[in-house]
Structures are given as structure tokens and as C-alpha cells.
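What follows is calculated from the coordinates using simple rules that are stated; it is not laboratory data. Note that the structure is predicted; figures quoted are calculated from it, not measured. Positions of Cβ are generated from backbone atoms using ideal geometry, with glycine treated the same way; all protein chains shown enter the neighbour counts.
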Amino acid sequence: MPMRSLWTITATALLASLCLITTPAAPRAQELNAHEFTTPLDIRMGERLFQQQCGRCHGIDAGGGELGPDLTSGYRTVSTDAGLFDIIRNGLPNSQMIGISRASTDQSVWMVVSYLNSLNETPDVNLPGNATNGEQLFAGKGNCSSCHMVNGQGGRRGQDLSRVGERRDPDELRSDLQNPDEEVPPRWWTLRVTRQDGSVVQGLRMGEDTFSMRIMDADENLWSFAKDSVQSYERITASTMPATGRTLTSSELDDLIAYLYSLRREES
Amino acid sequence: MQRLTIGLALLIAAVPVHGQESESTPGSTPLFSPVTWERLVNAADEPENWLMYSGTLDSQHYSGLDQVHNRNVGELELKWAYQIPQLDRSETVPVVVDGVMFITEAPSNVVAVDAETGLQYWRYNHELPDDLRICCGRNNRGVAILGDTLYMSTLDAHLVAIDARSGNLLWNAETADHRAGYSKTAAPLIVKDQVVTGIAGGEFGIRGFVDSYDAASGDRAWRAWTIPGPDHPDNQTWAGDSWRTGGSASWITGSYDPDLDLVYWGTGNPGPDWNGDVRLGDNLYSDSALALNGTTGNMEWYFQFTPWDVHDWDAIQVPILADLEIDGEMRKLMMWANRNAFYYTLDRETGEFLVGKPFAKQTWAEGLDSNGRPIRAPNKLPTPEGNIVSPPVGGGTNWFSPAYSPRTELFYVQAYDGEDIFYKRDEDYVEGDQFTGGGSQRPLPIENYQSAIRAIDPRTGDIRWEYEIQPRSTAGIMTTAGDLVFSGSVDGFFYALDAVSGEELWHINLGRRIHTAPMSYSVNGKQHVTVAAGNVVYTFALNE
């Protein structure tokens, strides 16, 4: 072995030994799953670091951006704090998600974890309504289940509400029920298509691009149209959902909200 | 610097063997011949090749091939696909030389494949450190070639020279310290025997520059700072010491006029991006077009599109050069659709402002004055609470290539009519950390906004036609002698329009976002059209 290589190995070994002696063992992410950095100040510090280091891809409020997904409605690839820490620290291999700056300490990464968790937490609130009554209203007087599924039961013409409690708070649910036209995601717009023979097909906007449209009509039939094969088409951005909240009594509305807010992923 | 110098000069002096005969039988002649400077200057004369990022030194992104034209484009069919082994969306524009295609990949790799089959000759994987500072993805947009050598930027802010026949590394030059936030993503530009290259890092408080390196040795020939130092009067356009961390990166490939010996290069946003309070002044030469002497790097003129930018509207667009008659006089022009949503025609000899009009939705300016300087609208600056402004951070357009057709004399740009809420934050500079001073957020779901390809008359700035893209596009554009405009969309459609009328002629769903520009070449007499979608490079040709 050349002397230079021998010297390199020896020096490296010495340096490694020195590091072992002088550097306190850094806690592994997995060991810090129940980490300590969860105070309001930690969350604010985490928010600041997120805005600086992550906001360009994920949006300044983590609501999603040009490159990065929305981080306020659960995470795509992790289910634990340690997993989230690992992705923020090291990135996702072979993808555009790179790790946070090496200059950021583990402590500050945990603060980002806490900040993101704070965006995904549903507040523990005492609601006036009765969720059991609300479940009966959902299938009964409210007629919600004719369009919405919960855990595989119900209609297809509205959003699946099996985990709606994780993404909408009680005030938002009340607004959804009373003023459904106020905030209609483009997926739930309506496309009204006039074919060459003048007949009309109308349905929920499942997909639309420069060249084509895909819709579901009121009978839950799926349709696909090339835009250049139809006479015309029109986007209707109003909701197809009735203002159910206005047809219920105040206490019934509370019950329905309590039920909807209880719909979460079942704890494993 | 690691340097394994080869006798590049000998190769340049060798008798050039131009593109293979168009009617030759496959396998009858060897592929690839050295690319001399003369070949690059006259690249338009060999349309069977695509010899640089923008096709030609004037960056028109125009192919002289016309075998595929506006009457038969509907017969295009897939010939081959090359799968990039990384998941990142590709931003590459391949280079093709005499039947060999060079494709760059994330993070900083390049492969050579047979341009007729997509099958690999060799691969070069660049070793990267694990402490990269990059703002916006592990991107690489392409290579430059001179002689037998490829030149590529790498994410650790190096410029590497690679043997085009074997993939072996020839030299590896560090252009800046990646730990301070510098990186490199753009294809270099060959100018005579030099490799001209920019730098990225505008979100990390770098000080930008454009560099030129000796192609044979990798030694730096000149550096043009994009922020003047304190010995220059224009340094006064930066408050205090803000010039030291003022960004003004140069992260897209420029153009070159051999007759004027001028290199044209765009510069990026001043930093911190959204908080201009700490850098009051025009912040020269951020958000500008620079005209640099091709031999010395000295600045001949500049034109600043967005003085004191606080919305991150980089002037990082490929400058398109063309000569046109205006008011009875032939003018050497530069065409530029800027991220700030205004289109400009400049005189490229002098930098004189000739034409300027909005080409996409904008609410930030009441117009341009007679010198092309924007007249700002009130109350359109970022605030702590957020302020809605058009165009959004991504701009009325962005870095992806526009195109020009000498046949239609129209300029084609991917325009976006959007908006963002702009926020301002206080932020301290820490070397190697992002230094942006705020951020942005869309006020509405993205489906509420859309793109359009707009064909602009460079003499007037008027929009001649537009083709709406639903939902939107971040793809570059290629025009051809077959009077076609090729481009793509974020949902993976690749399409061809009639260059004269804007009529849609052909489309195919490639399944993932097209985030780069198409290019075209010919092998064995057959025209091919290539584009990357997602992490796959697709190549099309007419049905046999």
C-alpha cells in the first residue's frame, strides 16, 4: 500500500476517533419521535424557517405551490414525526424534494415539524351538536348520502366525506352547508356540453384540458368529449349542492356539523 | 481545478466533416464529427443537427427542417422514448450532432444516445456534494459542444468538460462556492474558443456574474459582474452594502451576434426577492439584458426591464435576435417577452428601446415611458399582510424558451395570465441560507388561471393571435420551416399549431408535465421532433 494511502487511512481513523470522543452523540430522528420542540415559540420559529427555506416550493403558508404539494391537509409520504423530520432533513431520494439547508440545526428542523403539525391539527373543541343524531340526519332529512360517501356508503356526486373532519373545521363546515356556492373547488364545477346535434350533456367537471373534457352526469354516467367534436361547452362554477344547512333547524345543523367533524381516519 | 487538457485546438483545426448525407444508408458512415466554431456560427445551414441549447446563436429556437409541415403533422408517431432514471421533471433541450443526441438529466448527468433509436452510447454521472443549496429543483437544461467536447453546468456550481465520444471527464472547474448558495443549471454558450456561462443562486444572496472559460483548458478568461462593485458609479443604485448580497443571477443561456461580437445575457431578480426596503435604488444590473463584448466581457450596454424589482421577476429569458425592417430601415433587433408581463423590442447594437407592450395580464405598471422604463401603479408592493398583483411570481412568462420564425416574422411566447398574493418579511442574510424577504401564495385554486401561446409582431408588440392552454403551460416553444409551432402543457399534452394562424393541428397526451422546449433534427433523411415530458424524452417522426 502506498505511504500516502496509509497516511490517509490513519488520519481518517484518528479524526473519527476524536469525533467520537469529543462530539456528543446526536439524537437520532427516530428516538426523537416524541420531541420537545412544540411550544408556541417553537411553532413560530418553525413557521419562520419554513417560509424562508420551504415556502418557495410549498407556498408561504404551506398551502402548495408550483413545485411542492399542499402540506396543510396531511402528508403524502409520511405518517410519523420522525418520518417528516427525515424528509425535511434529507429530502426524498431521486426527486425534487431536497433536504433543508445543512446549516439548519436538528432543533430547528423539529420546529418546522411542529409548525406543519400545527397546520394539520384539528382543534379539540366542544361542539354543541350530537354526532349520532347528525349521522341520522346525514342519511335522512339532510339527504347528504345521496351524493356523498362516507366509508364506502353513499352517492358519488359529491366529495367523499370519510375524513372531512381532518380538513374542514366546524366554522368551515357550517359555511359549506349554508353557503355552498361560496367556495367551489374546480373539480366540483359543472360542464354543460352541447353536442353537434344540439343535445346537451351536463355533469360534474372531473377533468378538463386544452383538448378534452370528462364529466359525470346526474345519473353517475361517465362521459368524455373532445372539445373539437362538440358544438360548444360552458363552465358553471356554482355548486350543485343545495344549501342544506338552511333547511335544517339550528340544533339539527349543530348535530350534522358534529357528525361531519367527527369523520377522521380511524386510529390504528 | 482538475484538468485533463486535451488537444482541442487540433480538433478545431481538423478538416470539418459536416452532417452526414441525408440519403446515406444507416450504418454506412460513422456518426459524429467535430463541431467547429464555423459550424456553430452557421448552424442554420445544417438543420439536420441541433447544435446548441437554442438551436442557433441567435436563439430563435427555429428548425429549418420542413419534412413535417402544417399539412402532414397529424401523421406524427412515436419513434422512441428514453427514460431518465431520476424522477425530477426534465428541463433538458437535447443537442444532436450527426446522429448522436446528448441528453442532460437531473441532478447533473448527461447521456449520449443514438438519435435514431434512443439507445445509449455512454453516461457521465457528476459527483455532487450532499450540501447543495438550490432553490427550485435539481435542474439541468442542456450542454454546449465545441470540437469533440461537451460543456455542462452542475448543481455544485462547477463547469465540466466531457469527451463527447466516450463520456470521460476532461476538466472540472469550480466557478463559485456552492456552500454560499451558488449553483448552475443552464446550458453554456460557445463563443469562438470560449465557454460562456451564467450562475444561479438569486434566492441565496449571491452576487451574480457571467463568466467565460477557455474551452481547451478550463481557465477563466473573463468575469462580468452583474452587480457593479463600489469602484463603479452604478454601484450607487444599491443602498449601503446591499450590493454584496443582491443576487442578479444569470441562470439561463444567452445569445451571441458574431458580427457585433456581442454576447447577450439576462439577469435575475435582486435579493432579497420581496423586501426591497434593504436595497433601495434601481439595483443595477438586476432584471436586465446585458450586452457584453465577446472577447473581453466588457459591458457595451444594458437595458433594465424592472428597476427595484420586489416581485421576483427575473429577466431570465433567452434573448432572441433577428434583423427586421422597421420604418423602412433594417434594424438589428433583440426580442424579449419579460417575466414582468411586458414584451420589448430593442436595438441590439445600442440597447435602444423601440417597442414595449403588455403580453400577459399585469396590474403593477401603468405602462412604459419613452425609454421603456415602467411607470409603476400605486399600492402594488408586497406587504406583511399580502397584496395581490399580476403577474404572479412565476411571471407573465418565465425561463422556458420563446421562439421566432423568420418565415412568419412573428415572436411566439408562452404567456400566463395569473396573480399572486405577495408578502414581505424582514430577514437577515446568513451565508448559504435562502434570503428572500417574503413569499407568495395564489389567492385562488390554480384552475382559475390559464396560459396561452401568443404570437407577437415584433415591429409593434401587437398580439397577432393566441391559442389558449387549459389549464396552463410552463413549456418552451419551437418553430419550424414547416410553419409549425410545437409546445406542451403542464398536464402532459404535446401539440403543434399552425405558425401563421394559431390553429391546432395535432396533439398527443404524454402523461406528465412538459417543462422544457421541443427541438428537431434529421437522421438518415427523416425529420424527428423531440421533447421531454416528466422524466422521459420522447421522439416523434412521420409514419413510414
If I model a spin label as a point 7 Å beyond the Cα along the Cα-Cβ vector, how far apart are those points for residue A:237 and residue A:151 in nm?
3.8
So, in Å, what gap is there between the alpha-carbon centers of the stretch A:196-232 and the stretch B:470-544?
26
Modelled label-to-label distance, residue B:302 and residue B:371, 7 Å Cα→beta-carbon offset: nm?
1.4
One finds the C-alpha centres of the stretch B:401-466 and the stretch B:319-384 to be spaced, in Å, by 14
Do me a favour and compute the ellipsoid semi-axes for the stretch A:30-119 from its Cα gyration tensor, root of five times each eigenvalue, largest one first, whole Å.
18, 15, 13
By count of other Cβ within 10 Å, fewest leading, how are A:227, B:184 ordered?
A:227, B:184
Per DSSP, loop GluC sites (Glu not before Pro) in the stretch B:295-352 with at most 15 further Cβ within 10 Å
B:352
P(r) for the protein assembly as shown: what percent of alpha-carbon pairs falls in each 20 Å bin, starting at zero?
15, 45, 32, 8, 0
Mind jotting down a quarter of the surface of the convex hull over the alpha carbons of the stretch B:430-497, in square nanometres, one decimal?
8.3
Given charges at Cβ of Lys, Arg, Asp, Glu: chain B dipole, positive-most of B:112, B:479, B:436:
B:436
Quick one: if the Förster radius is 60 Å, what FRET efficiency do residue B:223 and residue B:504 give, using the C-beta to C-beta distance and rounding to 0.05?
0.85
Which value at 222 nm does the protein assembly as shown reach when only helices count, each DSSP H run of 4 or more adding -39,500 (n - 2.57), with the total divided by all residues and rounded to the nearest 500 deg cm²/dmol?
-4000 deg cm²/dmol
Assuming a viscosity of 1.567 mPa s and a temperature of 4 °C, what translational diffusion coefficient in µm² per second does Stokes-Einstein assign to chain A, Rh being the Kirkwood radius over Cα pairs?
57
May I ask you to compute the full-extension gain from residue B:193 to residue B:379, defined as 0.36 nm times their residue separation minus their alpha-carbon distance, rounded to one decimal in nm?
62.0 nm
Expected max-MSF residue from A:133, A:179, A:221 in the GNM of chain A (alpha carbon, under 10 Å) is A:221
B:388, A:87, B:316 arranged by Cβ crowding within 10 Å, fewest neighbours leading:
B:388, A:87, B:316
Log entry: pair-distance distribution for the stretch A:190-236, C-alpha pairs binned every 5 Å from zero, whole % per bin is 6, 25, 39, 24, 6, 0
If you average the alpha carbon positions of the stretch B:53-83 and of the stretch B:259-276, how far apart do those two centres end up, in angstrom?
30
Cα pair distances in the stretch B:239-367, grouped into 10 Å bins until the bin that holds the longest one, percent each
13, 42, 33, 11, 1
Return the average number of partner chain Cβ atoms within 10 angstrom of each residue Cβ along peptide B:422-435.
3
Percentage, to the nearest whole number, of Cα pairs in chain B over 47 Å apart
5
Charge tally in the Cβ shell below 10 Å around residue A:109, where Lys, Arg are +1 and Asp, Glu are -1, residue A:109 excluded
-1
Can you tell me the dipole magnitude for the stretch A:58-174 around its Cα centre, using point charges on the Cβ only (Lys, Arg +1; Asp, Glu -1), in Debye to the nearest 20?
420
Provide the net charge surrounding residue B:89, with neighbours chosen by a C-beta distance below 15 Å and charges set as Lys +1, Arg +1, Asp -1, Glu -1.
0
So the FRET efficiency between residue A:124 and residue B:468, C-beta based with R0 = 56 Å and rounded to 0.05, is 0.75
Counting only other chains, what is the mean number of Cβ atoms within 10 angstrom of the Cβ of each residue in peptide B:441-452?
3
Of all stretches in chain A that avoid GluC sites (Glu not before Pro) placed in a DSSP loop and having at most 13 other Cβ atoms within 10 Å, the longest is A:37-120
Dipole magnitude (debye, nearest 20) for the protein assembly as shown, charges at Cβ of Lys, Arg, Asp, Glu:
980
With residue A:130 itself left out, Lys, Arg at +1 and Asp, Glu at -1 over residues whose Cβ is under 12 Å from its Cβ give -4
Give the calculated FRET efficiency between residue B:239 and residue A:192 to the nearest 0.05, with a Förster radius of 51 Å applied to their Cβ-Cβ distance.
0.35
Using label points projected 7 Å from each Cα along Cα→Cβ, tell me how many nm separate residue A:230 and residue A:141, to one decimal.
3.9
Got a sec? How would B:53, B:344 order by Cβ neighbour count within 10 Å, fewest to most?
B:344, B:53
